[in-house]
1. Between residue 54 and residue 11, 0.36 nm times their residue separation minus their Cα-Cα distance comes to what?
2. Quick one: putting +1 on the C-beta of Lys and Arg, -1 on the C-beta of Asp and Glu, what dipole do you get for the chain around its Cα centre, in Debye to the nearest 20?
3. Could you run the Debye sum over the Cα atoms of the chain, one equal point scatterer each and no solvent, and tell me log10 of I(q)/I(0) at q = 0.13, 0.17, 0.19, 0.24 Å⁻¹, two decimals?
4. For the chain, what is the mean residue ellipticity at 222 nm derived from helices alone (per DSSP H run of n ≥ 4: -39500 (n - 2.57); sum divided by total residues; nearest 500 deg cm²/dmol)?
5. Residue 7: net charge of surrounding residues, Cβ under 15 Å, Lys/Arg +1, Asp/Glu -1, itself excluded?
Amino acid sequence: MVSDAFSSIVDITHANDYRLFIVNENQVKIISNGQVLPTPFLDLTNQVNSIMALVDTHSTG
């Protein structure tokens, strides 16, 4: 089921064709012909984690 592939959908948009782009947490995934593609279109997980580590370092002293 497609909904099982997403935990926190932020936005959904279409590509004026058969694809949907789903912003889910730190990734943009594509649904093509009803299937979630295995490789994210964009994955910002490492970048977000690095920024969060810097914020934690600066906020604790």
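What follows draws every value from the coordinates through simple rules; no lab data is involved. What you see is a predicted model; the values in this text were computed from it and never measured. As a convention, Cβ positions derive from the backbone with ideal geometry for all residues, glycine included, and neighbour counts pool all protein chains shown.
1. Extra length available between residue 54 and residue 11 comes to 12.8 nm.
2. Once rounded to the nearest 20, the dipole reads 100 debye.
3. Those come out to -0.43, -0.62, -0.71, -0.96, one per q.
4. -8000 deg cm²/dmol
5. Surrounding charge for residue 7 is -3.
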